[in-house]
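> Sending over a structure as structure tokens; questions will come in a sec.
The values are calculated or read from the model by the stated rules, or taken from the named source; none is laboratory data. Quick caveat: nothing in here was measured; it's all calculated off a predicted structure. Note that each Cβ is placed from the backbone with ideal geometry, even for glycine, and that neighbours are counted across all protein chains shown.
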Ligand SMILES: Nc1ncnc2c1ncn2[C@@H]1O[C@H](COP(=O)(O)OP(=O)(O)OP(=O)(O)O)[C@@H](O)[C@H]1O
């Protein structure tokens, strides 16, 4: 495997005593899109900050394309582009100047053609000479991406790229990410929008309470952990699930008009035939069946709640 970024035993305890990361091991492959998925406060921003050098780790090592991110900070940092959650640049500079300045910070020679192309890719061409304070929130987000890409980094971090972003900008961003990937840029995005991980990522890491719970190929994750659900639409509503059905994992939905059965699609015996035989025996008539795969969202919620149960 061609690893471009490697974290080994990375931990962070803030001065407050809060342990935001617990010994994280993670290898990012060159050219992949990796989604780090976790609820609020999971440690995603802390992890990005540590890799990008804005937060110092309490333990562990980070290697960016062969460079130690702490000892060898400059060359390591030059490989990284970070799109933070918020813009903290001088509001009185122009869009173009902000990007050119960012490029210069990393010691890259000016390249007007590259910046022009970036402005066009980000649909900022018409605004290139406007001051940042004259831009809408969505445009500012585009500027953040432009700033992060100005020095042509090999690895791009996007911290919550969809937070507070409208649908059209989100689509534009997804398109841009796909294009960057085609050019070989490695992309790591943090998100709590499952949709985003599902749409974009090659691999998904789930983080909760500072712990990386798992890292999997997205497809494999969905297949392995994916449950299926079947809704049985009833002719007459039920007030409660009869005790005779307790061996199946059922819930009542739609005010009793639908019985939902959650089952493991990978299991040899799904329990469906026996359930469908049992219902008429109990005098429960049904008129239709619908099955569907659970999404990454269900998987994610399941994992995080398992962790909560274990901790309880
Ligand atoms: N400077 C700090 N001092 C003390 N605790 C901090 C500090 N920064 C973050 N934390 C705590 O560390 C934990 C992880 O925070 P972090 O910002 O990394 O989470 P996150 O996964 O990015 O969350 P979100 O999705 O809300 O951005 C949180 O409990 C947070 O309160």
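> Pick from 124, 158, 118, 135: which is under 26 Å from residue 42 (Cα atoms) and in the same structural domain as residue 197 (by TED's automatic domain parsing)?
So the residue among 124, 158, 118, 135 that is under 26 Å from residue 42 (Cα atoms) and in the same structural domain as residue 197 (by TED's automatic domain parsing) is 158.
The rows are residues; the columns are (1) at pLDDT 85 or above; (2) more than 23 Å from the chain's Cα centre (by Cα); (3) under 30 Å from residue 152 (Cβ atoms).
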site: 182; (1), (2), (3): yes, no, yes
site: 185; (1), (2), (3): yes, no, yes
site: 189; (1), (2), (3): yes, no, yes
site: 199; (1), (2), (3): no, no, yes
site: 202; (1), (2), (3): yes, no, yes
site: 205; (1), (2), (3): yes, no, yes
site: 210; (1), (2), (3): yes, no, no
site: 213; (1), (2), (3): yes, no, no
site: 224; (1), (2), (3): no, no, no
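> Test residue 264 against the criterion of being surrounded by fewer than 18 Cβ atoms within 10 Å (Cβ to Cβ), touching a strand residue (DSSP E or B) at 6+ places or on another chain (Cβ under 8 Å), touching a residue at least 12 places away in the same chain (Cβ under 8 Å) and under 29 Å from residue 118 (Cβ atoms), and give yes or no.
Spelling it out, it is not the case that residue 264 is surrounded by fewer than 18 Cβ atoms within 10 Å (Cβ to Cβ), touching a strand residue (DSSP E or B) at 6+ places or on another chain (Cβ under 8 Å), touching a residue at least 12 places away in the same chain (Cβ under 8 Å) and under 29 Å from residue 118 (Cβ atoms).
> Within segment 51-74, how many residues turn out to be crowded, with 17+ Cβ neighbours inside 10 Å and within 16 Å of the ligand (Cβ to nearest atom)? Talk me through it step by step, then tell me what you get.
First pass over segment 51-74, keeping only residues crowded, with 17+ Cβ neighbours inside 10 Å: 51-53, 55, 57, 60, 62-65, 67, 69.
Narrowing the set further to residues that are within 16 Å of the ligand (Cβ to nearest atom) leaves 51-53, 55, 57, 60, 62.
Total satisfying the criteria: 7.
> Further question: Does segment 83-91 include one or more residues that are within 9 Å of the ligand (Cβ to nearest atom) and at pLDDT 90 or above?
Scanning segment 83-91 turns up no residue that is within 9 Å of the ligand (Cβ to nearest atom) and at pLDDT 90 or above.
> Same structure again: I'd like the full set of residues that are part of a loop (DSSP other than H, G, I, E, B) and either at pLDDT 95 or above or surrounded by fewer than 14 Cβ atoms within 10 Å (Cβ to Cβ) (or both), limited to segment 226-237. Don't jump to the end; show me each part of the working.
Start the filter on segment 226-237 by keeping residues that are part of a loop (DSSP other than H, G, I, E, B), which leaves 226, 235-237.
Selection gives 235, 236, 237.
> Being under 17 Å from the mean Cα position of the chain (by Cα), more than 16 Å from the ligand (Cβ to nearest atom), surrounded by 17 or more Cβ atoms within 10 Å (Cβ to Cβ) and closer than 22 Å to residue 211 by Cβ, is that true of even one residue in segment 34-46?
The answer is no, given that none of the residues of segment 34-46 is under 17 Å from the mean Cα position of the chain (by Cα), more than 16 Å from the ligand (Cβ to nearest atom), surrounded by 17 or more Cβ atoms within 10 Å (Cβ to Cβ) and closer than 22 Å to residue 211 by Cβ.
> Out of 7, 80, I need the residue that is in contact (Cβ under 8 Å) with a residue 12 or more places away in the chain, within 15 Å of the ligand (Cβ to nearest atom) and within 28 Å of residue 183 (Cα to Cα). Which one?
Residue meeting the stated conditions: 7.
> Yes or no: residue 7 under 17 Å from residue 214 (Cα atoms), crowded, with 22+ Cβ neighbours inside 10 Å and at pLDDT below 95? Don't jump to the end; show me each part of the working.
Working: under 17 Å from residue 214 (Cα atoms): yes; crowded, with 22+ Cβ neighbours inside 10 Å: yes; at pLDDT below 95: no.
No; evaluated as a whole, the condition is false for this residue.
> OK, next. Hey, among 96, 77, which residue is modelled with pLDDT of 95 or more, over 26 Å from residue 193 (Cβ atoms) and surrounded by 14 or more Cβ atoms within 10 Å (Cβ to Cβ)?
96 is the lone residue from the list that is modelled with pLDDT of 95 or more, over 26 Å from residue 193 (Cβ atoms) and surrounded by 14 or more Cβ atoms within 10 Å (Cβ to Cβ).
> So which residues in segment 275-307 are surrounded by 12 or more Cβ atoms within 10 Å (Cβ to Cβ) and either modelled with pLDDT of 90 or more or assigned to a loop (DSSP other than H, G, I, E, B) (or both)? Spell out how you get there, then give the answer.
Applying the first criterion (surrounded by 12 or more Cβ atoms within 10 Å (Cβ to Cβ)) to segment 275-307 yields 275-276, 278-279, 284, 286, 289, 291, 293-304, 306-307.
Selection gives 275, 276, 278, 279, 284, 286, 289, 294, 295.
> For segment 12-33, name all the residues that are more than 8 Å from the ligand (Cβ to nearest atom) and free of Cβ contacts under 8 Å to residues at least 60 places away in the same chain.
Once the filter is applied, which keeps residues that are more than 8 Å from the ligand (Cβ to nearest atom) and free of Cβ contacts under 8 Å to residues at least 60 places away in the same chain, segment 12-33 yields 13, 17, 23, 27.
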